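*Asks:* One structure coming up, written as structure tokens, with questions to follow.
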Amino acid sequence: MSITPQEALQRLIEHREIFPDEMVDLMRQVMRGEVSPVMTAAILTGLRVKKETVGEIAAAAQVMREFALKVEVAPHPHFVDIVGTGGDGAHTFNISTASIFVAAAAGARVAKHGNRSVSSKSGSADVLEALGAVIELQPAQVAACIERCGIGFMFAPIHHPAMKAVGPVRKEMGVRTVFNILGPLTNPAGAPNMLMGVFHPDLVGIQVRALQKLGVQRALVVWGKDNLDEITLGAGTLVGELIDGQVREYEIHPEDFGLAMASTRQLRVADAQESKARLLEALDNRDGVARDIVALNAGAALYAANLVGSIHDGIAKARHAIASGAARARLDEFVATTRSIAGK
């Protein structure tokens, strides 16, 4: 069903939902650049004020996936994305980025979708560049990287060229919009399993149900209660779990897995170089707190990837990947592979 931008705005002003088929039509208009900047900003504001529904988010994500440049890779039973919305304001080192090397070393295949920093001190793209990786690979090059070393990094601006239509509007608005929560839902490699961190507790239930509508097989959506978009050591973590179409929500704590509580303040960094240093300390088994939070999140990713039967078992596997040096070796292999593919 079609809807004009003006009709959509009127609906939002009245705090009424835009139905999924209408949202698909509206989002296609936006992505094709057919909606003026003024109307785009008004609609994004209206959605935020009304509060986006699961149906609206899933429909918008469906269109973003439709317009994305895909990474075509062979199916793999343990193919996973480890991603965060960002925007938690915690300024920690790149925990989810460190986790991809541990998860890959433990047997998962990882397609990470990320960008440069928006609100943090160091985005996933920033720290990977600091580590020496070439991040601006084309889709076919990312696919080759995944086939060769089990890890691929998809730099969002390359894979979502249609986002250029809304980029200036988002920048000028300077506030969170639905696009902040769409990015993690739109993996261009179509990873069927996911560990996703979110910046607000309400998003745990919303995002896991959006993933359910999008046909994701297994997912954990997490929010640390010390306001971290990762599984945290500093407090409990809310979890939305999707397995075989069924959603359940629960809370986990570090002590459930024999891990010591630790303040998130101990994980803060000032920039990408500091983030790189902490990431390497974790993978080299030198920094206890950094290592533990990486093992915790990588363990959850292994559970999401269906490699283990529980987060507890995943942590044990992640710890072994770090202690054996396999995780650090996988990082070095990834960096070398990206440089080789890019002809550096």
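The values are calculated or read from the model by the stated rules, or taken from the named source; none is laboratory data. What you see is a predicted model; the values in this text were computed from it and never measured. As a convention, Cβ positions derive from the backbone with ideal geometry for all residues, glycine included, and neighbour counts pool all protein chains shown.
*Asks:* With Phe101, Phe93 as the choices, which residue is in the same structural domain as Gly234 (by TED's automatic domain parsing), touching a helix residue (DSSP H, G or I) at 6+ places or on another chain (Cβ under 9 Å) and either of a type in the set (Val, Ile, Thr) or modelled with pLDDT under 95 (or both)?
*Replies:* Among Phe101, Phe93, only Phe93 is in the same structural domain as Gly234 (by TED's automatic domain parsing), touching a helix residue (DSSP H, G or I) at 6+ places or on another chain (Cβ under 9 Å) and either of a type in the set (Val, Ile, Thr) or modelled with pLDDT under 95 (or both).
*Asks:* Next question, about the same structure. Give the residue, chosen from Ile146, Ile206, that is within 26 Å of Pro77 (Cβ to Cβ), modelled with pLDDT of 95 or more, in a helix (DSSP H, G or I) and in the same structural domain as Asp292 (by TED's automatic domain parsing).
*Replies:* Ile146
*Asks:* Additional query: Which one of Gly245, Gly215, Gly240 is within 30 Å of Ile158 (Cβ to Cβ) and either over 16 Å from the mean Cα position of the chain (by Cα) or modelled with pLDDT under 95 (or both)?
*Replies:* Gly215
*Asks:* Another one. Being part of a loop (DSSP other than H, G, I, E, B) and more than 18 Å from Pro254 (Cα to Cα) is true for just one of Leu331, Leu307. Which residue is that?
*Replies:* Checking each option against the conditions leaves just Leu307.
*Asks:* Any idea which of (1) under 18 Å from the mean Cα position of the chain (by Cα); (2) of a type in the set (Val, Ile, Thr); (3) not in a loop (DSSP other than H, G, I, E, B) is the one Thr40 doesn't satisfy?
*Replies:* (1)
*Asks:* Of all residues being farther than 15 Å from Arg170 by Cβ and of a type in the set (Lys, Arg) in segment 36-57, which is surrounded by the fewest Cβ atoms within 10 Å (Cβ to Cβ)? Just the residue, please.
*Replies:* Checking each candidate, the answer is Lys51.
*Asks:* Can you name the number of the only condition in (1) in contact with a His (Cβ under 8 Å, 6 or more places away or on another chain); (2) modelled with pLDDT of 95 or more that Ser120 fails?
*Replies:* (2)
*Asks:* Given the conditions (1) out of contact with any helix residue (DSSP H, G or I) (no Cβ under 6 Å at 6 or more places or on another chain); (2) buried (at least 24 other Cβ atoms within 10 Å of the Cβ), which single one is not true for Leu228?
*Replies:* (1)
*Asks:* Oh, and also: State all residues of segment 18-35 that are in a loop (DSSP other than H, G, I, E, B) and surrounded by 16 or more Cβ atoms within 10 Å (Cβ to Cβ); if no residue qualifies, say none.
*Replies:* Of everything in segment 18-35, those that are in a loop (DSSP other than H, G, I, E, B) and surrounded by 16 or more Cβ atoms within 10 Å (Cβ to Cβ) turn out to be Ile18, Phe19, Val35.
*Asks:* Of all residues in segment 186-201, which are over 19 Å from Asn306 (Cα atoms) and either in contact with an Asp or Glu (Cβ under 7 Å, 6 or more places away or on another chain) or touching a residue at least 40 places away in the same chain (Cβ under 8 Å) (or both)?
*Replies:* Matches in segment 186-201: Thr186, Pro188, Val198, Phe199.
*Asks:* What is the residue count in segment 186-203 for residues that are under 12 Å from the mean Cα position of the chain (by Cα) and closer than 18 Å to Ile95 by Cα?
*Replies:* Within segment 186-203, residues that are under 12 Å from the mean Cα position of the chain (by Cα) and closer than 18 Å to Ile95 by Cα number 6.
*Asks:* Name every residue in segment 203-216 that is free of Cβ contacts under 8 Å to residues at least 60 places away in the same chain and surrounded by fewer than 20 Cβ atoms within 10 Å (Cβ to Cβ), in order of residue number.
*Replies:* Scanning segment 203-216 gives Gly205, Gln212, Gly215.
*Asks:* In the same structural domain as Thr177 (by TED's automatic domain parsing), touching a strand residue (DSSP E or B) at 6+ places or on another chain (Cβ under 9 Å) and over 13 Å from Asn187 (Cα atoms) - does that describe any residue in segment 152-161?
*Replies:* For segment 152-161, residues in the same structural domain as Thr177 (by TED's automatic domain parsing), touching a strand residue (DSSP E or B) at 6+ places or on another chain (Cβ under 9 Å) and over 13 Å from Asn187 (Cα atoms): absent.
*Asks:* Taking the conditions exactly as written (within 16 Å of the chain's Cα centre (by Cα), surrounded by fewer than 18 Cβ atoms within 10 Å (Cβ to Cβ) and within 24 Å of Arg32 (Cα to Cα)), does Pro168 satisfy them or not?
*Replies:* no
*Asks:* Of the residues Arg291, Arg319, Arg286, only one is over 18 Å from Ile82 (Cα atoms), surrounded by fewer than 24 Cβ atoms within 10 Å (Cβ to Cβ) and of a type in the set (Lys, Arg); which?
*Replies:* Arg286
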